[in-house]
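The next block holds one structure in the form of structure tokens; read it before the comments.
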């Protein structure tokens, strides 16, 4: 698995929130489950360069700052800011993220077949102009 560093291409061009088009983000209550699923994806043929493990502190340091975290946020045209806030709350509760390249629906479903074998908190697929619940 690859070490996560937020790249400019992983941000929305409008507002700059975390928006990694072509990836899916899954959060797990257990860091061990997130790590195990990431390794199983690689064992099943996915490139290790397309799988990122994001411990809670990485989510808070890299992803959270991409949106303003105020008590009364301004409305957003999309759900990108709300999704980042959900990831942030889960990270504050100690959840671990797994960011996986999912170029199409078939890859997203393959990911979810493995994810559904363990407890997970949230799974979102980032497509062009759409954040899809998985």
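Answer yes if at least one residue in segment 13-26 is on the phi < 0 side of the Ramachandran plot and exposed (fewer than 12 other Cβ atoms within 10 Å of the Cβ), and no otherwise. For segment 13-26, residues on the phi < 0 side of the Ramachandran plot and exposed (fewer than 12 other Cβ atoms within 10 Å of the Cβ): present. If the condition is being within 21 Å of residue 47 (Cβ to Cβ) and touching a residue at least 60 places away in the same chain (Cβ under 8 Å), then segment 94-106 contributes 96, 97, 98, 99, 100, 101, 102, 103.
Do we have residue 68 as free of Cβ contacts under 8 Å to residues at least 60 places away in the same chain, over 20 Å from residue 118 (Cα atoms) and in a loop (DSSP other than H, G, I, E, B) here? Spelling it out, residue 68 is indeed free of Cβ contacts under 8 Å to residues at least 60 places away in the same chain, over 20 Å from residue 118 (Cα atoms) and in a loop (DSSP other than H, G, I, E, B). Within segment 1-21, restricting attention to residues that are free of Cβ contacts under 8 Å to residues at least 60 places away in the same chain and part of a loop (DSSP other than H, G, I, E, B), which residue is farthest from the chain's Cα centre (by Cα)? The selected residue is 13. Residue 24 falls short on exactly one of the conditions (1) in a loop (DSSP other than H, G, I, E, B); (2) under 21 Å from residue 104 (Cα atoms), and that condition is (1).
Since every read-out is calculated from the coordinates, none of them should be taken as a lab result. Only a predicted model underlies this, so the values are computations on that prediction, with no experimental measurement involved. FYI the Cβ positions are ideal-geometry reconstructions off the backbone, even for glycines, and counts take in every protein chain you see.
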